[in-house]
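Have a look at the structure below before the remarks.
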Amino acid sequence: MPEQDLAGRRALVTGGASGIGLACVHEFARRGAHVTVADFNGEAATAVAEEVGGDAWVVDLSDTAAQEDLHLDVDILVNNAGIQTVAPIDQFEPERWRFMHRLMVESPFLLIRAVLPGMYEHGWGRIVNLSSAHGLRASPFKAAYVSAKHAMEGLSKVTALEGGAHGVTSNCVNPAYVRTPLVEKQIADQAAVHGIDPGEVVEKIMLTESAIKRLVEADEVASLVGWLVSDRAGMVTGASYTMDGGWTAR
C-alpha cells in the first residue's frame, strides 16, 4: 500500500486522460488525492476518473474566454495540456500559433488565477507546470511550442514569487521527449519536415542532444511531479527540474 500522503488533497490535472497527465492522475490517486481529470476527450476523461474514483471535467482549454471567471477550489494544479506543431516559421499558420499559445500559456495563467484565492485561504498549494527541455532550449521548426514553454517558465516563476508568502509553491518540470501519443505523432511530422525516414527520427533528431539515449517514460515524470506536490518539497519553488538525459547540460 503506497503512502497516503496526499489523502484529503484535491488535485486538478489538465490533459489528464493520456500521457504524462494520465500518469500524474494515477500517481496522485495512489497516494490518496481526489483527482479531477480535465481533458478535451470526454469519453477518455470519464473512464480515467471512474477508474481512480475522481471527477471528469470535459473542457476545451483553448477556449480561454470561458475560463476568465473560473473559481476552482483545489490544493494541487498540474498544467499539463499541450500540443505540438512542427513547421518552419515562414509556413507556420498564424491561427495555429494563437491556438497553441491559448492552450499552453493563456489557459495555465487563467487556471492559476482561478486556484490561487482558495490556496491562499488555506495557506497551502502546489502548482506544477509541465514545461519541457524546450522551455530552456530551442529547436528549429517549433516556434510556437518553444515560445509557449518559455512563457510558461516565466509565469511559473512569477507565481512562485507571489505565492511563497501564502504557502503556495510553483515549479516547472522539463522533460525531454516522453513516450506519449504527442511524441508518437511528432515522429511522423519530424520525418516530413526533415526529409528522413520515421525510423530515423528518434535517433537522429530526438536523442541527438541527450547523453542517455532513450525516451523518458511518463511514470518517471509523474514521480517527480509527485514529489513536488508533497510536503517534503515545501522549500522548492520557482525552479525548473530537468528530466532530459543530459540534454540541457550542454
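The values are calculated or read from the model by the stated rules, or taken from the named source; none is laboratory data. Because the structure is a prediction, the values reported are computed rather than measured. Glycine gets a Cβ as well: all are built from the backbone with ideal geometry, and neighbour counts include every protein chain shown.
Points worth noting:
- Only listed residue being in contact with a Gly (Cβ under 9 Å, 6 or more places away or on another chain), of a type in the set (A, V, I, L, M, F, W, C) and closer than 25 Å to TYR120 by Cα, chosen from VAL37, VAL48: VAL37
- Residue pairs whose Cβ atoms lie under 6 Å apart, separated by 6 or more positions or on different chains, with the first residue in segment 42-55 and closer than 16 Å to ILE76 by Cβ and the second part of a helix (DSSP H, G or I) and among the small types (Gly, Ala, Ser), are VAL52/ALA29; ASP55/ALA49.
- Selection status of VAL183, on the phi < 0 side of the Ramachandran plot and within 12 Å of the chain's Cα centre (by Cα): no
- Exclusive hit being more than 18 Å from CYS24 (Cβ to Cβ) and in a helix (DSSP H, G or I), set VAL146, VAL183: VAL146
- Segment 203-213, residues that are touching a residue at least 24 places away in the same chain (Cβ under 8 Å) and either surrounded by 13 or more Cβ atoms within 10 Å (Cβ to Cβ) or among the hydroxyl-bearing types (Ser, Thr, Tyr) (or both): MET206, LEU207, GLU209, SER210
- Being out of contact with any Pro (no Cβ under 9 Å at 6 or more places or on another chain) and of a type in the set (D, E, K, R) holds for only one residue in ASP189, ASP244, and it is ASP189.
- So ALA114, is it at pLDDT 95 or above, more than 25 Å from GLY167 (Cα to Cα) and crowded, with 17+ Cβ neighbours inside 10 Å: no
- Matching residues in segment 42-57 - criterion: being closer than 15 Å to SER18 by Cα and surrounded by fewer than 16 Cβ atoms within 10 Å (Cβ to Cβ): GLY42, GLU43, ALA47, GLU50, GLU51
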